[in-house]
Structure formats: structure tokens, C-alpha cells
Amino acid sequence: MTVLVFTLILLVSAYLAGLLGSLTGLGGGVVVIPVLTLGFGVDFHYAIGAALVASIATSSGSGSAYVKEGITNIRLGMFLEIATTIGAVVGAIIAVWLNNSAIAIIYGCVLILTAAMQQRRKSDHDGVVGSDLARRLKLFGTWPQRDGSFKAYQLRGVGGGFSVMLLAGVLSGILGIGSGVLKVIAMDGIMKVPFKVSTTTSNFMMGVTACASAVVYIQRGNIVPGIACPVLIGVLFGALTGARLLKKLDVRLLRRIFCIAILLVAFNMIWQGWTGKF
Amino acid sequence: MKIQILISQTLRIGVSIACVIAAVGGVIYLVSHGGDPMPDYTHFSYTDAHPAEYTTLGGIFGGLGRMDARSWIQLGVIALILTPILRVLLSLVDFLKERDWLYAAITSIVLAIIIGNSLA
């Protein structure tokens with residue numbers, strides 16, 4: 001395969017990765033890793049670098065659409081960023097000792113968890129009584145409704161949410177993906193943040209968390225230009241298209257199909273990692 | 001609400017710049033190496049020396065003048081990384097303006113972790 005053919009195929013794959021990542025809220029990195037490793041036989045350590053680039057591109061690309069609507073809870077995101085960035089630093093240190101098989105198995109497990117969490121009911125968590133700590137940290141907010149008005153929400157479980165975010169950061173540092181699933185477990189499951197707010201805030205955090213380990217990955221040579229270039233451009237345009245489509249499209253069916261697809265990829269990853277095929 | 005529009009524009013301009021720079025590198029890369037066989041990405045080692053043209057700031061800036069494709073692409077990646085960091089910086093300015101010292105401190109901690117880990 002020539003460089004030209006590889007670059008063009010990767011550009012198209014990255015576009016689709018950005019599109020799917022934005023529509024499902026999982027980020028472009030989740031799709032980029034299996035495309036590179038299973039599709040092209042690329043070493044996981046290069047794929048992680050590409051996933052980091054994809055995560056930042058998805059976050060900033062679709063983020064420009066979300067912030068304007070005032071859905072993202074910047075205070076909540078910023079507070080939890082302390083946990084995810086510390087986690088990402090630790091994750092980037094751990095990653096050096098992990099071989100391809102270990103990374104494949106960890107990635108597969110995160111995918112299975114992601115598929116499971118996609119099945120949950122999307123809740124607005126009406127009538128949640130916030131905790132005192134959340135109040136003092138000024139984490140309560142409002143979010144826009146369909147009719148243009150703003151609805152106030154409270155939240156709780158600050159300590160639990162913060163702990164899960166540490167783990168989310170570690171996984172982000174190891175895998176390069178935003179580990180959106182753990183962010184949603186923390187915000188939606190533990191802290192009872194309305195679904196739309198937790199999705200957009202998670203998207204905001206994904207970019208910042210990825211930045212915490214990105215420079216280290218450049219210095220180590222994981223982010224290699226021949227892969228980074230088509231991934232950056234493709235994912236960016238995919239994410240922009242996705243953010244635009246998300247407002248008009250009913251993505252329930254797409255999410256269901258995507259769910260089955262990531263389960264298949266997950267079992268494949270774990271199996272090949274376990275038998276040492278990578 | 002003003003700051004949110006500023007943030008939204010920062011993100012858009014940031015990713016556009018990153019995209020254009022990376023595209024310049026991509027075009028140079030394809031023109032000069034498009035016909036070559038695909039490089040071997042099947043094995044990565046932390047102990048191997050990786051070319052400075054894409055791993056160090058000095059190497060990247062040094063390669064720009066020579067129109068080194070790797071350096072241009074990597075500059076695009078750096079622009080992409082700087083975008084969310086700039087966004088956090090804007091939030092810090094906003095918190096300071098609101099005299100929200102708690103969140104100014106929290107935002108500073110996040111920035112310190114990112115910058116500290118990048119320079120270490």
C-alpha cells in the first residue's frame with residue numbers, strides 16, 4: 001500500500017469516526033483505535049497517539065456548537081478537570097509499562113462498559129435535592145428547555161463523582177480516548193446531573209483531559225505525523241457534521257447499531273489481546 | 001453570555017488554524033512521499049530514538065523553514081492542543097472578572113497540572 005492510498009483511506013475512516021463519535025457522544029478516538037489496530041495492524045502505541053488527537057478534535061469541533069447554547073456546566077467541568085487531568089498524568093506514566101495485549105484488553109473492557117451504559121434510560125433527574133458540598137462549590141446550574149426557558153437543577157455525590165473522574169482520567173491517559181462512559185457514570189449516575197448537561201460537559205472535559213497527556217505523547221513519538229494528519233482533519237470535519245446533524249436527527253437507531261458494533265469490536269480486542277495476537 | 005460566544009469562536013478559530021496547518025503539511029507529505037510504500041507502523045518502541053522533526057519543539061520549528069512535512073503536521077497538532085488550553089485560560093479570565101476566587105483557583109490548578117506535565 002502506498003502512502004497516498006493509506007492517507008486517503010484513513011482520512012475517510014477518520015471522517016466517519018468523527019461523525020459517529022459526535023452523534024453517539026463517545027468521541028472520535030473510540031472508533032479510530034480499532035480502525036488503526038484491527039484494520040491496518042498499527043501498533044497500539046501509535047493508535048493511542050492518534051486517539052488523543054481525535055479526542056481533542058471531536059471535543060473542540062462539536063464543543064463550539066454546544067457552548068453557545070449554554071448547556072455546558074463550566075464550573076462542574078472545571079472542578080472535575082482537577083481529577084481527570086491528575087488521572088491523565090498518572091495514566092501516561094502507566095502506559096509506558098503496558099504492552100499491546102494489555103492495552104487491547106483494557107480498551108475492550110471500556111468498550112463493553114460503554115455498550116452497557118448506552119442502554120440506560122436518559123434521565124433529567126427532576127427534583128434532585130443537592131448536597132451541601134455541591135452548593136458550596138456552586139455546582140448547581142440551569143439548562144435551556146425546548147421552549148427557550150431555563151430550568152434549574154441541583155446535584156450531589158461530589159466525592160463519589162470526583163473519584164470516578166480520577167479513574168476516567170487514568171484511562172484517558174492510557175488509551176487516549178475521552179473515556180466518556182466513566183464521565184457519564186460519574187455525572188449522570190452518581191451526581192444526578194441532567195442527561196444533556198452531563199453529555200456536553202463531558203465533551204468539554206474530553207478535550208482538556210486529552211491535552212494533559214498529549215504533549216508527553218508527542219515527545220515520546222506516539223503521535224506520528226503520517227497518521228496524525230488524516231486523523232486530525234478527518235475527525236474534525238466528521239465532528240462538525242455530526243454536531244450539525246445531531247439537532248435534526250433521531251439517533252436512537254444509530255446508537256443501537258453502534259452499540260452492537262462496539263460489542264463485537266470489544267470481544268475481538270479482548271480475545272486477540274488474551275491470545276497475544278497483537 | 002458574552003464570554004460563551006468568545007469561547008465558541010476561540011474553539012472554531014483554533015481548530016480551523018490547526019486544520020489548515022496540518023493540511024499544508026499533509027500536501028507536502030503527499031507530494032514528496034505519496035508514492036512511497038506505507039511506513040512500518042506495526043511496531044513501536046519507547047527506547048527507539050524518534051526523529052526530532054516531530055517530537056521536540058526545537059525540531060518542529062527547525063523543520064518548518066525546510067518545509068519538512070512532519071514538522072508542519074506536528075505544528076497543526078500543537079495548535080489543536082493549544083485550543084482547549086486557551087479555552088481554559090478564557091474561563092480563568094471570566095472567573096477573575098466575576099470575582100469568583102474559588103473557581104479562579106480551581107481553573108489555575110487545572111492549568112498548572114496541564115502545563116506542568118507538558119514541560120516536565
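The values are calculated or read from the model by the stated rules, or taken from the named source; none is laboratory data. Because the structure is a prediction, the values reported are computed rather than measured. All Cβ positions, even for glycine, are placed from backbone atoms using ideal geometry, and neighbour counts span all protein chains on display.
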**Report entry** Members of the range B:56-74 that are of a type in the set (S, T, N, Q) and at pLDDT below 90
**Finding:** B:Thr56
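Could you pull out the residue among B:Ile73, B:Ile85, B:Ile21 that is more than 9 Å from chain A (Cβ to nearest Cβ), assigned to a helix (DSSP H, G or I) and not small (Gly, Ala, Ser)?
Of B:Ile73, B:Ile85, B:Ile21, the one residue that is more than 9 Å from chain A (Cβ to nearest Cβ), assigned to a helix (DSSP H, G or I) and not small (Gly, Ala, Ser) is B:Ile21.
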Report summary line: Those residues of the range A:75-89 which are among the β-branched types (Val, Ile, Thr) and over 16 Å from the mean Cα position of the chain (by Cα) amount to A:Ile82, A:Ile86, A:Val89
Query - Of the criteria (1) more than 22 Å from B:Ala120 (Cβ to Cβ); (2) within 12 Å of chain B (Cβ to nearest Cβ), which one A:Val184 fails - result: (2)
Report task. Look at the range B:56-70 and say how many of its residues are within 16 Å of A:Tyr217 (Cβ to Cβ) and either facing chain A (nearest Cβ under 8 Å) or in a loop (DSSP other than H, G, I, E, B) (or both). Result -> 2
Report summary line: A:Val216 vs (1) crowded, with 24+ Cβ neighbours inside 10 Å; (2) of a type outside the set (Gly, Ala, Ser); (3) closer than 30 Å to B:Ala52 by Cβ; (4) within 14 Å of another protein chain (Cβ to nearest Cβ): all pass except (1)
Query raised in the report: For the range B:28-55, what are the residues that are buried (at least 17 other Cβ atoms within 10 Å of the Cβ), part of a loop (DSSP other than H, G, I, E, B) and more than 7 Å from chain A (Cβ to nearest Cβ)?
Result: none
Query raised in the report: Which one is surrounded by the fewest Cβ atoms within 10 Å (Cβ to Cβ) among residues in the range A:221-255 that are without any contact (Cβ under 8 Å) to a residue 40 or more places away in the chain and part of a helix (DSSP H, G or I)?
Result: A:Arg252
Requested in this report: Please state which of the following conditions A:Val208 fails to meet, knowing it meets all the rest: (1) within 29 Å of A:Met187 (Cβ to Cβ); (2) touching a Leu at 6+ places or on another chain (Cβ under 9 Å); (3) at the interface with chain B (Cβ under 10 Å from one of its Cβ atoms).
Outcome: (2)
